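Take a look at the structure below.
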Amino acid sequence: MAGVARTVRTQAVGLGPLSVHPAHQRRGVGLALVHTVLGAADALGEPLVVLLGSPDYYGRFGFRRSTEHGITPPDPAWGEYFQVRPLAAHDPALRGTFVYSEPFDRV
């Protein structure tokens, strides 16, 4: 789990990296993986899913640039590639800097 830092830290789902072996691409595997994660996160009451990836690919799933939702990426250079997909439990007041869980921050 990862989270969005604000006055009170709120957990959120960080998706990625996501990859499908080239021999299995264009068969709907990536589509199924993303839909499964979104459905499970929504069912579990998560507020949003964040990821670092192609806006062209993930835009079809409703992901938008994180700053459109008031979420700042950990690295501002990620720009349009750091994206957010709000879910049913999303509260628009949830704003701040996204912080990956400690294992993802190790150098």
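The values are calculated or read from the model by the stated rules, or taken from the named source; none is laboratory data. No experiment lies behind these values; they were computed from the predicted model shown. Heads up, the Cβs are rebuilt from the backbone with ideal geometry, glycines too, and the neighbour counts pull from every protein chain shown. For the accessible areas, the whole protein counts, side chains as well, though only heavy atoms, and no ligand, DNA or RNA atoms are used. Shrake-Rupley method; radii C 1.70, N 1.55, O 1.52, S 1.80 Å.
Couple of notes before you dig in:
- Residue that is nearest to the chain's Cα centre (by Cα) [pool: residues in segment 42-79 that are open to solvent by less than 80 Å² (accessible area, probe 1.4 Å) and among the hydrophobic types (A, V, I, L, M, F, W, C)]: Val50
- Count of segment 63-106 residues which are under 18 Å from Val34 (Cα atoms) and without any contact (Cβ under 8 Å) to a residue 40 or more places away in the chain: 9
- Residues located in segment 36-74, provided they are among the aromatic types (Phe, Trp, Tyr), under 14 Å from Gly14 (Cβ atoms) and part of a helix (DSSP H, G or I): Tyr58
- Pairs, first closer than 22 Å to Glu68 by Cα in segment 36-55, second open to solvent by 20 Å² or more (accessible area, probe 1.4 Å) and assigned to a helix (DSSP H, G or I), C-beta under 7 Å, six or more apart: Val49/Val37; Leu51/Tyr58; Leu52/Trp78; Leu52/Tyr81; Gly53/Tyr81; Pro55/Glu80; Pro55/Tyr81
- When residues of segment 81-105 are limited to those that are of a type outside the set (Gly, Ala, Ser) and more than 16 Å from Gly16 (Cα to Cα), the one nearest to the chain's Cα centre (by Cα): Pro86
- Tally, over segment 75-94, of residues that are closer than 15 Å to Val13 by Cα and part of a loop (DSSP other than H, G, I, E, B): 6
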